[in-house]
Amino acid sequence: MDEDKLYIITQNRDYFLSHNKEFITLKNSSVKKIAKKIKKDNSIINIFLYDDDKNKLYGYYEIDFNNKKQADENYTNISINDNYKRRRGIYYRLEDKYSDFSIYEIDNKTFSKLKDRLIVLNDNISQTFLSCSIDIDKNTFKYQAVETYPSLYVAEYEKHFDNKAYESIYKEYIRLLKYSNSENNNIDRYIELGSYLMNMLIPEKDFREHLLDGFRIVYLHLDEETYNIPWDILAYEGKFISENIIFSYANASNMLYHNKRINNAKIKMAVISIPNDDIVYDKNEIDNILSLQNNIKNAEIDLYRKEHNYFEFIKILESYDIIHIITHGYSSGIKLSEDYILNSVSALEKPPKVIFINACNMEEADNKLTKSLLSSGVATVISAVGSLGDGMYMDFVSSFYNNLFHKHARINTAQAYYFAYVEVREFYKGFIRYRFNGVPVYV
C-alpha cells in the first residue's frame, strides 16, 4: 500500500442505513482541506467509515476525489468503492466524539492495525490441526498436519531432533521468561531463539509459507515432550509467526465444542481475586472489568475477593459463563489460599465457556490446571506465560474483554484474543505473555 496516500476515518451515519450508496457525503470544509493535500493523478484515498453511536469501524473503502459533485452549499458527494465487501464492523472507541460527515487523518500504523482486525473479522479463519511428538531415545521429531479450511491439506514429517541444541534454546527462553517485561529489552533475542526453533521444527519451506498464508488458528495436539516447546516465539524472517497465527493449546476432548447460546440469555461473569500483599494492582484490574457492565447488554459481573477452598472454587466455576482469576501462579498450580495451591480440577457438571487465568507460570509442565479445565469442558482458557509484572499487561486484559463484550458486535474468543494482541503488540514488540487454549466460542 502506498504510504504517501492519506489514511483517514470518516463518519457518515447515513451510509450505514443503506449499503447501496455510490457516494458518501462530506462537509465542504473537510473536502477543501483534503483536496489541498492530494495530487490530481493520485486522487484515490483509503478510508474507514465510523459509526460513532455504536463505536464501530467499517472498511476499508476507497473514495475518489476526482469524482465528486456539490450536494448543496454545505456538503459534497464523493464517489466510494467497496472493493473488499467487509460488512462486519470492529469495536473501536475514539477518545473524542466525531461529528457527522467529517474526515480525519490517521497514520499508516493505525491504518494497518485496523485493517488487519477487519480482515480477521470478515474472512473465514483457516484451521490447521498439528499433532507433534518427540522420541528422545531415537532423537526424532514427528508431526502430522491436517487443514480443514479453506482446502484439505495433509502433511506428515519425521526428522532428526537435536535434543542438546533444543535444551540450550529452551534454557535461554526460560531465563528470559523469568523477568517480567523482558520482551521489551530482549526482543531480538526472543526472535533469534524463535528462528532457531522454526528451523529445527518446521524446515520445509512450502509448509512454512502455507502456514503463513493468511490468518489461521493452529490447534496443537502435543505429547509431554512437545508441550514444553515455546511455540509462542516461533519466528520467520525476523517476525514472530504469531502475527499471523493463533496457536491453540487444545485437548482433543473439546475439539467438537458446541456453542449453545440461548438468545437474550444473561451473560454471567465472575471475578475471583485472591488477596495478596504483593499484588497491588488487582483493584485496578477489578475496576476495569466491573466497568464493562456499562458496555455489555444483559450481563452481570460478580466479584469474589477472598481466599477459597476447592469446593467454593468449583461452585463458582459451575455457576458462571465467564471466569476471570487474579492470583499467584507457580509450577505446582495457582494460589487459592495461604495453605492451598490448586493444580487441577476434576469433571465439571456445568463448565463455564471462558476462563481467563491472570497468574504467572501457567505454561509450566507440572501445572496441570489449564489442561484439566479443557478436559472438564471449558471451551476457551486464556492463560499467562512466565513472570507477569503486577499491573503491566492490564491493557491486553481490558482490550480482550472490550472486544469480546462489545454489544454491537458478535465476535468469538479467538477473534477477541487476536484483536487484543494486535492492539498491544507494538508496545510488547510482538510477543505477548498470554496463550489461547481450546476452541473459539461466542458468549
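Rule-based calculations on the coordinates, nothing more; no lab input. In this text, all values refer to a predicted model and were calculated from it rather than measured experimentally. A quick note on method: Cβ atoms are made from the backbone with ideal geometry, for glycine too, and the neighbour counts reach across all protein chains shown.
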(request) Measure up Lys115/Lys178; Lys33/Lys68; Lys37/Lys68; Lys178/Lys268; Lys171/Lys205 against 24 Å on the Cα-Cα distance and list the ones that go over. (result) Lys115/Lys178; Lys178/Lys268; Lys171/Lys205
(message) Of all beta bridges DSSP finds with both residues in segment 267-438, what is the antiparallel percent, to the nearest 5?
(response) 30 percent
(request) Within 10 Å, count the other beta carbons around each residue, average over each peptide in 431-439, 333-341, and list them highest first. (result) 431-439, 333-341
(message) Quick check on segment 373-429: take the gyration tensor over C-alpha atoms, sort the square-rooted eigenvalues as a ≥ b ≥ c, and tell me if it's rounded (a/c under 1.5), prolate or oblate.
(response) oblate
(request) Restrict the search to segment 157-205; then list the GluC sites (Glu not before Pro) that DSSP places in a loop and that have at most 13 other Cβ atoms within 10 Å of their Cβ. (result) Glu204
(message) Working only with C-alpha atoms, what are the Rg and Dmax values of the chain, expressed in angstrom?
(response) 23.7, 81
(request) Figure the gain on full extension for Ser168 and Ala365 (residue separation times 0.36 nm, minus the Cα-Cα span) and round it to one decimal in nm. (result) 69.2 nm
(message) Please report the antiparallel percentage of the DSSP beta bridges confined to the chain, to the nearest 5.
(response) 60 percent
(request) If a/c stays under 1.5 just call it rounded; otherwise compare a/b with b/c (prolate if a/b is bigger, oblate if not). Do that for segment 267-438, with a ≥ b ≥ c from the square roots of the Cα gyration tensor eigenvalues. (result) rounded
(request) Kyte-Doolittle cut-off -1.0, length cut-off 24 Å along the helix's own axis using Cα: show which whole DSSP H helices in the chain pass. (result) none
(request) Sorted from largest down, give the three principal axis spans of the alpha carbons of segment 126-249, whole angstrom values. (result) 41, 35, 23
(request) Could you work out the local net charge near Glu349, counting Lys and Arg as +1, Asp and Glu as -1, over the other residues with Cβ closer than 15 Å to its Cβ? (result) +1
(request) Could you list the trypsin sites (Lys or Arg not before Pro) in segment 283-327 that lie in coil according to DSSP, counting only those with at most 15 other Cβ atoms within 10 Å of their Cβ? (result) Lys297, Lys306
(message) 7 Å from Cα along Cα→Cβ at both Phe207 and Glu307: what's the point-to-point distance in nm?
(response) 5.0 nm
(message) Rounded, prolate or oblate for segment 314-392? Axes are the square roots of the Cα gyration tensor eigenvalues, ordered a ≥ b ≥ c, and the cut-off for rounded is a/c under 1.5.
(response) prolate
(request) Report, in whole Å, the centroid distance computed from the Cα atoms of segment 342-392 and segment 213-251. (result) 18 Å
(request) Collect residues whose amide H, placed 1.01 Å from N in the peptide plane, falls under 5 Å from the amide H of Ser273; neighbours closer than 5 in sequence don't count. (result) Tyr304, Arg305, Lys306, Ile326
(request) Grab the beta carbon distance between Glu156 and Tyr281, set R0 = 35 Å, and tell me the FRET efficiency rounded to 0.05. (result) 0.15
